[in-house]
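Novice: Below is a structure I'd like to ask you about.
The values are calculated or read from the model by the stated rules, or taken from the named source; none is laboratory data. None of the values given here were measured: they were computed from a predicted structure. Using ideal geometry, Cβ is built from the backbone for each residue, glycine included, and neighbour counts are taken over all protein chains shown. All accessible areas refer to the heavy atoms of the entire protein, side chains included, with ligands and DNA or RNA removed. Shrake-Rupley method; radii C 1.70, N 1.55, O 1.52, S 1.80 Å.
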Amino acid sequence: MITLFWCPQTRASRILWLLEEMNEPFEVRLIDIRKPEAKKDPDFVAASPMGKVPALMDTTPAGTVFLADSAACALYLSDRYPASGLAPAIDDPARGQYLYWMTYTPGVIEPAMMEKFTGQTVSRASSGWGNWDSMIEVLEAGLQNGPWIMGEQFCAADVMIGSSVNFMKMFGILPENPVFEAYIERCLARPAYAKALARDAELKP
């Protein structure tokens, strides 16, 4: 059984979306990371030493798996449960680009968002994420041919990228662009994403 440690209005909504896309049983354990009581759940502490969500506990025949972080959780789930069809196989040539886009959110989008929020000026050449403008340019180019980030096939990378693009729109920092708008509409039209967002709306902190 997969257990998602989840708190509304957090990055955990990404993994809730991913789980809704999969045909696997799972349960959601509400953890209010904004309160000290969260640290009293031993399973959550084992999964997430930093006290962040999303985090997972997966009981398998080989033992119990604990992990945290959006990209790590998405990579684990899509590989551990290949019947979901949400990831290219290890020997698929598309795997390289898939891994690139799977880590684009934590490695590039989120640092660039902090740059934008704080008004920092960073060196495009020396910062690991480039800068805000280069992040947007590369993301637009990646989505240009669509309908999904890897082309015709929806995959776990779309959960990472799609939720990030929607977050940027909600935060009012996403540039007006028909490529982004069309992508968000396709993501929001997925029943699994709608279901995940509805759960978030039901339990606002």
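Novice: Say the dipole of the chain comes from +1 at the beta carbon of Lys and Arg and -1 at that of Asp and Glu; which of VAL45, PRO175, VAL28 then lies farthest toward its positive end?
Specialist: Projecting each Cα onto the dipole axis, the largest value belongs to VAL45.
Novice: For a test of the definition: using alpha carbon positions, the gyration tensor, and the 1.5 limit on a/c, classify the range 10-62 as rounded, prolate or oblate.
Specialist: Oblate shape, in that a/c is at least 1.5 and b/c is the bigger or equal ratio.
Novice: For the chain, what is the calculated [θ] at 222 nm in deg cm²/dmol (nearest 500), taking -39500 (n - 2.57) for each run of four or more DSSP H residues and dividing by its residue count?
Specialist: It lands at -13500 deg cm²/dmol.
Novice: Pairs on different chains or at least eight residues apart, Cα atoms closer than 16 Å: how many lysine pairs in the chain fit?
Specialist: Working: LYS35/LYS52; LYS35/LYS204; LYS39/LYS52; LYS40/LYS52; LYS116/LYS169; LYS195/LYS204.
Lysine pairs satisfying the spacing and distance rule in the chain number 6.
Novice: On a 0 to 90 degree scale, rounded to 10, what angle separates helix 156-170 from the longest Cα axis of the chain?
Specialist: Tilt of helix 156-170: around 70 degrees.
Novice: In what sequence, highest mean first, do 108-119, 150-161 appear when ranked by Cβ atoms within 10 angstrom?
Specialist: Ranking the peptides 108-119, 150-161 by packing returns 150-161, 108-119.
Novice: Tell me, what are the semi-axes, in whole angstrom and largest first, of the equivalent ellipsoid of the chain as set by the roots of 5 times the Cα gyration tensor eigenvalues?
Specialist: 27, 21, 17
Novice: Also: Just to confirm, what accessible area per residue do you get for the range 1-136 at 1.4 Å probe, in whole Å²?
Specialist: Heavy-atom SASA per residue in the range 1-136 reads 50 Å².
Novice: May I ask for the angle, rounded to the nearest 10°, between helix 132-143 and the longest principal axis of the chain, with both axes built from Cα atoms and the value confined to 0 to 90°?
Specialist: 80
Novice: For the range 1-88, which trypsin sites (Lys or Arg not before Pro) pass both filters: DSSP loop (anything but H, G, I, E, B) and at most 12 other C-beta atoms within 10 Å?
Specialist: Counting only loop positions with at most 12 other Cβ atoms within 10 Å, the trypsin sites (Lys or Arg not before Pro) in the range 1-88 are ARG34.
Novice: With 15 Å as the cut-off, how large is the P(r) tail for the range 20-97, expressed as percent of Cα-Cα pairs?
Specialist: 62
Novice: For the range 36-185, what is the relative contact order in percent, using Cα pairs closer than 8 Å and at least 6 residues apart in sequence?
Specialist: 16
Novice: May I pose another question? What translational D, rounded to a whole number of µm²/s, comes out for the range 83-205 from Stokes-Einstein when the hydrodynamic radius is the Kirkwood one over Cα pairs, at 37 °C and 0.692 mPa s?
Specialist: Details: Rh = 15.4 Å.
In µm²/s, the coefficient is 213.
Novice: May I pose another question? Given ALA62, GLY107, ALA74, which one lies farthest toward the positive end of the charge dipole of the range 32-120, if we put +1 on the Cβ of every Lys and Arg and -1 on the Cβ of every Asp and Glu?
Specialist: GLY107
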